[in-house]
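Bear in mind that the values in this text are calculations on the coordinates, not laboratory data. Not measured: the values here are computed from a predicted model. Counting neighbours? That spans all protein chains shown, and the Cβs are built from the backbone with ideal geometry, glycine included.
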Amino acid sequence: MRWLVGLCVRYRGAVATLTVIALALGIWATQSAPLDVFPEFVPSTVDIQTEAPGFTSQQVEQLVTKPIENAVNGATGLSTIRSESIPGLSVITIQFADNINLYNARQGIAERLGELGGLLPLGVGPPQLSPLTSSTMDLLKIGLVSDKLDPFALRDQADWVMKPALLAVPGVAHVIVFGGAVRQIQIAPDLKRMTAYGFSLTDLSDAARAALALRGAGFVDLAHQRVLIQTPVPAPDIAAISGAVLAVRGNVPVTIGDVASVTMAPALRSGDSLIMGRPGVLLSLASQYGANTLQTTRAVEGALTQLMPALKAQGVVVYPALHRPANFVERALGSLEQSLVIAAVLILAVLYLFLRDWRSAMITFLAIPLSLLAAVAVLDRMGQTLNTMTLGGFAVALGVLVDDAIIGIENTLRRLSENAGLPNPRPRLAVISDATLEVRGPVVYATLVVIAVFLPELFSTSVEGHFVGPLAMAFILAVIASLAVALTAAPALSALMLSARDAHADYRWLRALKARQRDAVEFVYRNFRAVAAVLIALTVAAIVVLPFLASSFMPDFREGHFVMQVSSSTPGTSLDEMLAMGKRVSRDVLALPYVATVEQQVGRAELGEDTWGPHRSEFHVELKADADIDQAEAEDALRQILARYPGLQTEVVTFLGDRISESLTGETADIAIKVFGDQLDTLDATARRIVAALGGTPGIVDLQFKPQSGTPTLALQLIPAALTASGLKVQDVLDAVQTDYAGATVGQTYAGVRAVNVVLLLPEAARNRPELLSALMIASPFGPVPLSQVAHIVPTDTRYTIEHDGGQRFVSITFNVKGRSLQATVDDAQARIAKQVTMPAGVYVQFTGAAAEAQAAQTEMLLYTGFALVLIGMILFICFQWRSNTWLVLANLPFSLIGSVVAIALIGGGLSLGAMVGLVTVFGVSARNAILLLAHYEHLVEEERAPWTAATILRGAQERLVPILMTAAVTALGLLPLAIGLHQPGQEIEGPMAVTVLGGLLSSTILNLVVLPALAERFGGPNRVSAAP
Amino acid sequence: MRRARLIAFGMLLAVSACDKAAPEADKKEDADASAGISLSADQTKSLGIQTAPAMAAQYTQGVSGYGVVTALDAIAQTDADFTTAAAAAAQSQAAATRAQGLATGDDAAVSREVVETAQSKAAADQAALALARRKADAAFGMNAPWRDPASRQAIMARLASGRTLLVRVTFPLGAIAGQPPQNLRISRLGAGTQSWTATRVWDAPADPAVPGRSIFALLDGSDLAQGERVTATIPVGAALSGVVVPADALILGESEASVYLQPKPNTFLRTKIDISRPMNNGYFVTGGVAPGQQVVTSGAGLLYAHEINPSTAAED
């Protein structure tokens, strides 16, 4: 260390130049660093979607989901596996563990899917592995409506013009399109004619396929040329398909049009959308894993700007930001940026106030951006974004950064001043070098201690850990950089800029302050027992009160955007019914003066990530940017609107909250109670009893059990004897039913690059009358046979969804918590269930969601904190020559809690994520101050040979007054704008954190300056050396 | 002791009160169930509920089959074959009789051989006639009206002129039993509601290649063409009186079909209906819905959801 400091002082000009270069590089790195609102907080996830047309959810579960689950279970890097089986679709969601190579893991899943081979039934599509998407996934939602274009043309614009352009933007993972009408040429057989003429659906299908044949041709080789032969590509020509030959009867061709109507019709819908309460098309863009939200959004908007003139010319009204998560990023980072600028000005003022010299103030101040920029450059190299959490880490590191610089500069100034008074002053550079090294030892240990304090957050594996990990990483990098700056740039700049005349006598107010400190320390000496009793009582009270302060661990984010989950309370409700309801809800929501836009998406889009039936829908409500409304108030207003609609199950969540909850439980609510078991009916019954038991529990809102049973179904039960008598095979009947009701794609036509499917499907009027199913004529070798003759058609109820978690069946009850502590509410709920619900054999309940996650995170944090404490103890034992000092530092820590708890209580918060980080920060700063004070005592006694008396203790405390006060003041001022912006969007974590740190700083500073000297006098000192050499 | 008795008496009273309270609660729940769903005016408006009156209607159950107007050449050929055979048989029978007369007595004018030849010819022609009859029966059934010589000429003349058509109709197996129905209505395929009643109906010979029961019918006054495909309907039973509920009102759930009635403003009652009697725009029902009753045609899906699972968050 000595050689490094000596080198820097000697080559101070070079070091100063390198410092300027480092500053420039750091600024450049900051400019190019990707910005985001939060780190990747959701575990990396992929979906496996497998289409199984016409299969019921139970068939999908047995024949598709289970084999795929078995195939991928146990794959490398797999953390959790959840699945949903719905009619016609199996979706398996895989979450990967942290710190693995995601692309390799995804490849491993793909290989296992490849090995599935023939395990899946015929007719089931190949399993599709989704791309890796980012935490927040949603990038942008764009709405299209038009009075001029019909639903076909509007959808064409989305599918064939906008989607390719937007997908080409780097960072866009996929574009899902809802609504409008997908063009499809439908061949609707007239079953009476077909029967009367004796044609089967197979005849019709074969004729259509033949009419849409697409073949390549060869070429003609001339002597000197090769001439290609071009064959026609089937065009979406209704007349041509209608006129295609089906058969020849009595020398007369019978055409497809003779027995079927051929029309351009909308494809069967599994989802739809409303834009501002009007039928329209919704494009939902998702970002790739690791893509930067802000950059990608802006790039998409650039692409959209280019498309706008063409869209406008066609009469398309574009809503470009129905949901724009980048708004939150911009608002959050904007307010944080503003806070940091204000903080920088305040810090500079404080430095000047204390040091009374612009050069020393500038060196101290310069150390801050230098350390931060170095940390930014390293973070950037590590692939981290600059987000509210990493910036928060820098904010809490400010105190340490300033302290590092102040200690060195202040000591240098003092030693220069002392040196100037000597009869034979030593060389200035040697004094600077020694002064730097003199304080560096304790500073290194103090830095190691604060790093150890933040280690638990760095290693936490929970969702909260994903949030605070980058914060801890930013903090650790900043303090390491600061240490490096203190050992290199600071002495070099001091050598360049400082001299003995820069040391000034104390201000009058500082002298007065020292006098007050002396009085206070003496008061504590005299009344030690009483003061100790009061402090212990306050600390115990703080520890006891803390868990009872109402709060959720994860905050409610003020995004200016709400997601309203709105489902019919029973499956089977139609798309049209949900859209009709959506129009009325949209009208009510738009009547709120602070709502900018609203859109509704119902059901699912093809290859969308949601496995929703037509009975489920989601509204995205964007508030006006200048809306002067409290988020909670807006949320209540939305809840009140939904409360007017019977027959619905609703919840109102913020988008980020929704994503966090969904990643924890697969549900969007705070808490999901999962009821596991084999028998689905038993699970339903148990879930209903649990809902009854939880009704009226304080704090519980949005209590929901979404029953999956009750989907109206017409079950076909084939009659084997009747099949035999009619000469029919099972496949004949099933094929006919599938073709008529689900549609069979018989080919494609092409208009330029646009492909239009040709589908054989019963006409809507026949398809939508349930009684006509029994009259469906099946072509048998002996002639047409009505379906009712070979099958019983039984009206029944089936399940819409069958969910698995870890391969086991479950149903879930969900609720959100409002106005009460999450943990207390969950405890209450658990008690009620235990008391009122008897679990059937084989059925058990698991609480998942934010409370369980918070509990797990806190347990994990406690464990890591234990390890950190051991590490801190070891560092302290190495640091101090007097063993008692180690215990003094550790004993001093809990007292710093007092101010933090009071501050948390004052803002009406609780033990939230921000508060936890704040407490950790307070512990770190408090420990650092204690270490430096006690190390200073050791220095005075061991190096300067001062006697261990009350006067020496007071002297040491007074010499540490300025650095401690400066550190506290600078940290406080750095965090003050964050604390003031407590209710600003994006500061939901940093706000409480800043308030907690401010409260803790106040109490820990007073403790360090007033109480710790008294403690040291009583329990410390060289006379209590136990193992010193 | 007295205090203990008082306590025991008090407990008994409490228990009996509980016993009474439970059935009363059950009764109330039943009453609620029978009273249907009561919503506030706001909720009714939010659901977008619309109603339409059930219209009185009559319905006749029927079974349907498919058929074809038989080509005239087949009938003509059969008839020609039969007529030719009959003429030949009559002629040869007369010749034989005549020969027999001429050969009788001492002044026999023809030889025994001529008589035998004439008789042989007559027998052969009779056999040919019988064959032609069997062929005609095999093609058109044993009960074809033209088998009656009295009406044969007239029927054939009408058939030949096209004023009468012969239609062969096949009904699915088991759709009709016993005697062939006499009130058969024939409609042109896909031509709306125009139909004609058959004047004569009889069983067609079974065709092993066609499952079901085939029937021939004579049809007067239609403009159907030979070879044209038709549908046929046989009314079963007497006409029923009831109402038509709109198809939009239908709710399928709990393994049954039902509709919501609105007995009074903002009150809705789910009623099971039978959808086995479909009509063009709805279902003919005979019970549960009275003519003029208001049937929910819009918003029924969410009304049903509310009834089935009413404990939704929105209302908590």
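Structure values in brief
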item: Cα gyration tensor shape for segment B:90-170, rounded if a/c is under 1.5, else prolate or oblate; result: prolate
item: Residue-averaged beta-carbon neighbours from other chains (10 angstrom radius) around B:253-261; result: 3
item: Size of segment B:153-252 as Cα extents on the principal axes (Å, biggest first); result: 56, 30, 25
item: Largest to smallest principal axis extent of the C-alpha atoms in segment B:193-316, angstrom; result: 69, 33, 25
item: Translational D in µm²/s for segment A:384-431 (Stokes-Einstein at 4 °C, 1.567 mPa s, Kirkwood Rh from C-alpha pairs); result: 98
item: Segment A:51-129 - Rg and Dmax from Cα coordinates, angstrom; result: 12.6, 40
item: Inter-chain shielding of A:562-574 (mean C-beta neighbours from other protein chains, 10 Å cut-off); result: 4
item: Prolate/oblate/rounded call for segment A:856-968, Cα gyration tensor, a/c under 1.5 rounded; result: oblate
item: Label point distance in nm, residue B:40-residue A:871, each placed 7 Å from Cα along Cα→Cβ; result: 5.8
item: Highest to lowest packing among B:46-55, A:12-21, scored as the average C-beta count within 10 Å; result: B:46-55, A:12-21
item: Net charge, residue B:207 excluded, C-beta distance under 11 Å - Lys, Arg +1, Asp, Glu -1; result: +2
item: Å³ per residue enclosed by the Cα convex hull of segment A:28-94; result: 119
item: From the C-alpha gyration tensor of segment A:782-839, square roots of 5λ in Å; result: 48, 13, 12
item: Estimated 222 nm signal from helices in the protein assembly as shown, with DSSP H stretches of n ≥ 4 weighted -39500 (n - 2.57), rounded to 500; result: -16000 deg cm²/dmol
item: Shielding by partners, peptide A:687-695 (average Cβ within 10 angstrom, other chains); result: 1
item: Relative frequency of Cα-Cα separations exceeding 43 Å in the protein assembly as shown, percent; result: 60
item: Per residue convex hull volume, Cα atoms of segment A:1-155, in Å³; result: 213
item: Inverse mean reciprocal Cα-Cα distance (Kirkwood Rh) of segment B:35-138, Å; result: 20.4
item: Pair residue B:197, residue A:30: separation of 7 Å Cα→Cβ label points (nm); result: 9.8
item: Gap separating the Cα centres of segment A:200-265 and segment B:146-194, nearest whole Å; result: 40
item: Global size of segment A:744-900 as Cα Rg and Dmax, reported in angstrom; result: 33.2, 104
item: Reciprocal of mean inverse Cα separation for segment A:725-799 (Kirkwood radius, Å); result: 14.2
item: Per-selection Rg to Rh, segment A:320-434 - Cα, Kirkwood hydrodynamic radius; result: 1.17
item: Alpha-carbon centroid distance for the pair segment A:84-110 / segment A:797-876, whole angstrom; result: 23
item: Helix A:575-590 axis, angle to chain A major axis (alpha carbon atoms, nearest 10°); result: 40
item: Kirkwood hydrodynamic radius over Cα pairs of segment A:616-751, then Stokes diffusion coefficient at 10 °C and 1.306 mPa s, in µm²/s; result: 78
